[in-house]
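Chemist: Dropping a structure here in structure tokens format, bear with me for questions.
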Amino acid sequence: MSPLSIKMSLLLLLLMVTWTTDARIGFKKDLSMDAVFPAPIRRDAGLPEGHLRPLGYQRPADSPAEELDGFPDIRVFYHGYSKQRTPVVFRKALKDEEVFKNWEKDKYLRDTFGKLNITVVTQRPIFHKDEIKRTTQVVKMKRFLSEYEYEDWYISSVIPAEIQQQLSLPTIFNCGVVSRYLQKPEIWMSSGSISSKLHSHHDHNLHCVLFGRRDYVIIRNKYRYNFDFKETYINSGEGYSPIDMENINVYKHKKIKETPWTWATLRQGDCILIPSGYLHYVHAYGRSISYSILFSPTSDTDEDVDEPPCKKGAADTLKPMSEGTFTWSYDGGKTRLTDRQLDADSMRHHLMSLLRDDSQIYFEKFDHFYKDATAGAKDAPPAQQVFDIFKEKIINIQKRDKKRGLNYITRVDIHQLSDDQLMRVANIFNNPNEGKTQKDKSKLKKEELQLNRNV
Ligand SMILES: *[C@@H]1O[C@H](CO)[C@@H](O)[C@H](O)[C@H]1NC(C)=O
């Protein structure tokens, strides 16, 4: 070999080594966390304030959200904030010292959780519509970790049990009525500057930051139509604005500059309560890991706030998040009901938590719950047929439905359901495939026979 070709082969070898050790071509995202928020309002060259700027630049904030040191007593939390629907920040409320240390580096997450499935969102702007398109997919944690520093990928997932075991349940959920109405814990992870839609939940949302920084723009529900608010589905009680909150066209969306807002900045260990219905727009910075715990608003006319009782010291006891009683769990990429063996009592409990502090459950709400709970069971009986079981004993039901043109059951109806009605519905949830008609079953038998013959 000539000296030149030796040099060439060495160079090639070197290139191959660099390519295999770091396959990424591209830049890591900027992890700085020093943005000024709320931003000073200024006018650029004759343009109106905040034109083509993110939400929050169109008018000054009214005030920061209320703030407490850590979590208060459960009664204060319930009567003072969640029931009153008052947003509030709990500074340094998390005591997850181990997690703060262990999760500092991605290597630990990769080694410990790399093989777990997790739900990831990828996003890209649609410029001609000034909207953002987001797509969800289930990937392995290690795949996410190798992409998220470069791509617009973020985790938005119900928390897998293995991860819940390392986190502690926020102590406010250790006892009392809120501990009985936990819906689901969701984890968020992203890199660099990234923001959410302006959106709202039907449930209360306690959001806690493990790493990074999160800025909140918080807006009362009554202003939702200033943002072309869309309900996720009819009667869902929650929704979002399709407007790209990073680039607001103030000529097109004139009411935004008239909308009052409050703000909060969260860092490691801080939590915020975003009450049911409140709109919020969130901007994350740095290497950001945080979680949400959604819990249903309840009506305390029939709920004891201090049940199960909050014994002395309950607020200081750390238990793993996996010991919380959540309605929903994550099963390798699918969200499932935690309780797969419902009975009359647990069925009624699920109805009460679907009802929240409203006075009726609309069919659409039940339909979504039913479809989520029986996902994968294609032959489950139609949701309306199941909902009608609840309506069987309601007096003059046809007249009532017709008069109001609505399809719903009320709080009183739920209290009056018989164990037999509840159990019949519970059985459908437990065995959705049993709902198949005789015809479907015989068809299935034939297919099975066919299959056996082919084998
Ligand atoms: C992860 O998701 C894939 C694809 O959805 C699925 O085939 C696999 O069984 C899941 N793995 C686990 C451990 O649940």
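Chemist: So which residues in the stretch 102-123 are farther than 19 Å from GLN137 by Cα and within 16 Å of the ligand (Cβ to nearest atom), if there are any at all?
Modeler: If the condition is that a residue be farther than 19 Å from GLN137 by Cα and within 16 Å of the ligand (Cβ to nearest atom), then THR112 is the only one that fits.
Chemist: Moving to a separate point now. How many residues, within the stretch 54-63, are more than 24 Å from the chain's Cα centre (by Cα) and either among the hydrophobic types (A, V, I, L, M, F, W, C) or open to solvent by 70 Å² or more (accessible area, probe 1.4 Å) (or both)?
Modeler: Selection size over the stretch 54-63: 3.
Chemist: Being in contact with a Pro (Cβ under 7 Å, 6 or more places away or on another chain) and either open to solvent by less than 40 Å² (accessible area, probe 1.4 Å) or more than 16 Å from the ligand (Cβ to nearest atom) (or both): is that true of LYS230 here?
Modeler: Here the answer is yes, as LYS230 does meet what is asked.
Chemist: So which residues in the stretch 233-249 are under 21 Å from ILE126 (Cα atoms) and either surrounded by fewer than 19 Cβ atoms within 10 Å (Cβ to Cβ) or touching a strand residue (DSSP E or B) at 6+ places or on another chain (Cβ under 6 Å) (or both), if there are any at all?
Modeler: Matches in the stretch 233-249: GLY239, TYR240, PRO242, ASP244, MET245, GLU246, ASN247, ASN249.
Chemist: Since LYS334 meets every condition but one in (1) within 16 Å of the ligand (Cβ to nearest atom); (2) of a type outside the set (S, T, N, Q); (3) without any contact (Cβ under 8 Å) to a residue 12 or more places away in the chain, which condition does it not meet?
Modeler: Going through the list (1) within 16 Å of the ligand (Cβ to nearest atom); (2) of a type outside the set (S, T, N, Q); (3) without any contact (Cβ under 8 Å) to a residue 12 or more places away in the chain, LYS334 breaks only (3).
Chemist: Yes or no: the stretch 346-353 includes at least one residue that is more than 16 Å from the ligand (Cβ to nearest atom), open to solvent by 30 Å² or more (accessible area, probe 1.4 Å), over 25 Å from PRO160 (Cα atoms) and not hydrophobic (A, V, I, L, M, F, W, C).
Modeler: For the stretch 346-353, residues more than 16 Å from the ligand (Cβ to nearest atom), open to solvent by 30 Å² or more (accessible area, probe 1.4 Å), over 25 Å from PRO160 (Cα atoms) and not hydrophobic (A, V, I, L, M, F, W, C): present.
Chemist: Out of the stretch 356-391, which residues are of a type in the set (A, V, I, L, M) and under 17 Å from THR327 (Cα atoms)?
Modeler: ALA373, ALA375
Chemist: Based on this model, can you work out whether SER157 counts as part of a helix (DSSP H, G or I) and surrounded by 16 or more Cβ atoms within 10 Å (Cβ to Cβ)?
Modeler: no
Chemist: Listed residues ASN174, ASN117; which is open to solvent by 10 Å² or more (accessible area, probe 1.4 Å), in contact (Cβ under 8 Å) with a residue 40 or more places away in the chain, out of contact with any Phe, Trp or Tyr (no Cβ under 9 Å at 6 or more places or on another chain) and not aliphatic (A, V, I, L, M)?
Modeler: Going through ASN174, ASN117 in turn, the sole match is ASN174.
Chemist: To continue, here is another question. Kindly indicate whether any position in the stretch 387-395 is more than 24 Å from ILE361 (Cβ to Cβ), at pLDDT below 95 and surrounded by 10 or more Cβ atoms within 10 Å (Cβ to Cβ).
Modeler: No: the stretch 387-395 contains no residue that is more than 24 Å from ILE361 (Cβ to Cβ), at pLDDT below 95 and surrounded by 10 or more Cβ atoms within 10 Å (Cβ to Cβ).
Chemist: Let me ask something else about it. Regarding ASP367, is this residue in a helix (DSSP H, G or I), closer than 19 Å to ASN235 by Cα and modelled with pLDDT of 95 or more?
Modeler: yes
For (1) touching a strand residue (DSSP E or B) at 6+ places or on another chain (Cβ under 6 Å); (2) polar (S, T, N, Q), each residue gets a yes or a no:
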{"position": "GLY277", "(1), (2)": "yes, no"}
{"position": "VAL282", "(1), (2)": "yes, no"}
{"position": "TYR291", "(1), (2)": "yes, no"}
{"position": "THR298", "(1), (2)": "no, yes"}
{"position": "ASP304", "(1), (2)": "no, no"}
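Chemist: Continuing with the same structure: Can you confirm whether the stretch 149-164 contains a residue that is within 16 Å of the ligand (Cβ to nearest atom) and over 17 Å from LEU210 (Cβ atoms)?
Modeler: Yes, the stretch 149-164 has at least one match.
Chemist: Could you list, ordered by first residue, the pairs with Cβ atoms under 6 Å in which the first is in the stretch 259-278 and touching a residue at least 24 places away in the same chain (Cβ under 8 Å) and crowded, with 22+ Cβ neighbours inside 10 Å and the second is in a loop (DSSP other than H, G, I, E, B) and among the small types (Gly, Ala, Ser), at least 6 apart or interchain?
Modeler: Qualifying pairs under 6 Å: TRP261/ALA61; ALA264/ALA65; CYS271/ALA93.
Chemist: Sticking with this structure for a sec: Determine which single condition LYS402 fails, assuming it passes every other condition in (1) in a helix (DSSP H, G or I); (2) touching a Phe, Trp or Tyr at 6+ places or on another chain (Cβ under 8 Å); (3) open to solvent by 20 Å² or more (accessible area, probe 1.4 Å).
Modeler: Among (1) in a helix (DSSP H, G or I); (2) touching a Phe, Trp or Tyr at 6+ places or on another chain (Cβ under 8 Å); (3) open to solvent by 20 Å² or more (accessible area, probe 1.4 Å), LYS402 violates only (2).
The values are calculated or read from the model by the stated rules, or taken from the named source; none is laboratory data. A quick note: this is a predicted structure, and the numbers were derived from the prediction, not measured. Reconstructed Cβ throughout: ideal geometry from the backbone, glycine too, with neighbour counts over all protein chains shown. For the accessible areas, the whole protein counts, side chains as well, though only heavy atoms, and no ligand, DNA or RNA atoms are used. Shrake-Rupley method; radii C 1.70, N 1.55, O 1.52, S 1.80 Å.
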